[in-house]
Structure formats: C-alpha cells, structure tokens
Amino acid sequence: MSPYRGRFAPSPTGPLHFGSLVAAMASYLDAKAHHGSWLVRIEDVDFDRNIAGADHAILQSLQRCGMHWDEEVAWQSQRTALYQTALDQLGDHVFACSCSRKEIADSRLRAGLSDSQIYPGTCRTGIVNNKAARAYRLRVPDGVAACITFEDRLLGIQTQDLSSAVGDFVLKRADGFWAYQLAVVVDDAAQGITDVVRGADLLDSSARQIYLLALLGYPTPRYLHVPVVTNQAGEKLSKQTGALAFDRGDNDLLQEALIPAAQFLGLSFSTMPRSLPEFWSGATDLWASKLAIR
Ligand SMILES: [Zn+2]
C-alpha cells in the first residue's frame, strides 16, 4: 500500500470558522495517526467567491493552531492547465452544453419530470440550432454502470446512482470557471492523495469523484466523512450562515477552539492538555484508538 497522504482543501471565501477547523483537524489527526503526510490546498477556482487575503489568513490560523503542512501549499488557480489537460483526456465522455438554467428547468417541466436540478440530457447528442457552448458536462453512464459504491471509513457502505441522483454534471462552468468536481479529482490524483477526510456535506460528491478518477485512470482513495457543525437553526456553519472566525489573533486557541473541536469529533481527554504539543499528541492517540488505526 502507498504511504498515507491526506489533505485539507479550504476555499478562501473567508477566515476559518469552527466548522472548517473540525474538518481540518480530522484530516490532520488522521494523517498523524497514520504517520503520513498532510497537505494543504487552497481551492480558489471560483473567482467570484474568493475573498482577497483569506488564503493567507487561513494558513496563519492553521499555524497558530500548531497544524503544520508537510509540502508546499498548492493554489488551484495556478493549476488550471492540469484541468484543461484532464478535460481533453476525457474525450467523448465530455459534451458541450448550451443550456441556460431556465432552459434546463423548462425542458424538465415539458418532459413531466420533477423540478430538480438534474440535467435532462438536451445537448447529449450535440448542440442544436447553432447555439454557443456555455458549459462542458460529463456524460454519466446508463444502467448499472452509473451505480457507484464505496466504503466510508466512518459511515460504512455508500451507494449512489449517478444517473438518477446527479445526471450529466458540469466540469467547466458557463462562466468559464473550472468546476469543483474536476479540480478536486485532478489535484487529488496529481498530489497522490490516498485518504480524503472531510465534512459530510461533501459525502454526496464522492461518487462523482470516484467515477471521474476511474475515467482518468487513477485509483480510488479511501474516504472518511466527519459530521458537519451546524448552528442553532440546524444550518451548516459557513460564512453565509454568519460563522465567525475562531482565531482573533491573540485569543487562547487551545481552550476556545482546539479542545471544543476535538470534543465535537468525539475525542474525550482524560487529562486536559495544557499546551499545543500536549493537545496534538493526546488527540492523535485518541483519534487512532477511535478509528482503530494501528
Ligand atoms: Zn445542454
């Protein structure tokens, strides 16, 4: 088996909040418990959502927490040539699509389908009426080939039928930006990631990523999805739901952020750590025994 390589891949849409700290901590602890490498990748391909300086603020907060990455940080915005190469390599699995959001909704209504976002297949056999290509989509297979099954290390066996649950999904968006699914897969493969540890809000993306990886000839990593932190209204913590930065520059991160995040992940210390090294060594041991890592 290849040596363990994990990653934390934040989007620079704002400072790290408690929810993103939990995801970062899970991937970090899993890498440490496996004596593996932990990489950080800034997922900044959605230029409309990036906040200037957020990437460096995130890196600074990770360092203040004592979470040190093992290789140079990667920025997706500097890797777009790799995404184009992958798109070209996918060949006939990819088709150009001229549909607007409204046209997709209308054609689903005409076909008597439910009002969901699943692509109705309009441009699968080519764009009609000389309309311009807007986006590039991946053709999802029909029948049993669309059924992706994998084992999540925490949640157990997961199955998704790409054709009924997702449909032909976008790899390059109408605004010209690379889609999350393609960029993640290309980078995980290029960086040799063996273990994807992240929040359960991304569980639904795993089948798409496994299918794409296979088409590109790459192995499937192992997956582990940890619970997502929600606010009192039950919404996932995010900048949109008003989550605040846990790092205010001079506050006690051990007491205010790290210990609560470890407790959220189900780690309970028998003696409370009093320093960052004590915290990380204790939390790594607790994680290893919780996940039965030897
Ligand atoms: Zn279309």
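Every number in this text was worked out from the coordinates using simple rules, so none of it is lab data. Just so you know, these numbers come straight off a predicted model, no measurement behind them. Note that we place each Cβ from the backbone using ideal geometry, even for glycine, and neighbour counts take in every protein chain shown.
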Quiz item: How much net charge surrounds Pro10 when only the other residues with a Cβ under 9 Å from the Cβ of Pro10 are counted, with Lys and Arg +1 and Asp and Glu -1?
Solution: -1
Exercise. Taking every Cα atom in the chain, find the radius of gyration and the maximum pairwise distance Dmax, and write them in Å.
Key: 20.4, 70
Practice problem: Find the centroid of the Cα atoms in segment 1-48 and in segment 63-114, then give the distance between the two in whole Å. | Solution: 19 Å
Self-check item: Loop-resident sites, segment 1-107, for GluC sites (Glu not before Pro), counting at most 11 other Cβ within 10 Å (DSSP)
Solution: Glu72
Practice problem: Please state, as a whole number in µm²/s, the translational diffusion coefficient that the Stokes-Einstein equation yields for segment 83-172 at 37 °C and 0.692 mPa s, with Rh defined as the Kirkwood radius across alpha carbon pairs. | Solution: 226 µm²/s
Exercise. Report the antiparallel proportion of the DSSP beta bridges in the chain as a percent, rounded to a multiple of 5.
Key: 55 percent
Quiz prompt | Evaluated over segment 41-138, the Cα radius of gyration and Dmax, each in Å | solution = 19.5, 57
Self-check item: Cα-based shape type of segment 152-285, given that a ≥ b ≥ c are square roots of the gyration tensor eigenvalues and the cut on a/c is 1.5
Solution: prolate
Quiz item: In percent, how large is the relative contact order of the chain, given Cα pairs closer than 8 Å and 6 or more residues apart?
Solution: 24 percent
Self-check item: Free-standing Cys, the chain [no other Cys Cβ under 4.7 Å]
Solution: Cys65, Cys99, Cys147
Practice problem: Using the Cα centre as the reference, give the magnitude of the dipole from point charges on the C-beta atoms of the chain (Lys, Arg: +1; Asp, Glu: -1; all else neutral), rounded to the nearest 20 debye. | Solution: 500 debye
Quiz item: How large is Rg over Rh for segment 117-226, taking Rg from the Cα atoms and Rh as the Kirkwood inverse mean of 1/r across Cα pairs?
Solution: 0.99
Quiz prompt | Label-point separation, Asp250 to Ile127 (7 Å along Cα→Cβ), nm | solution = 5.7 nm
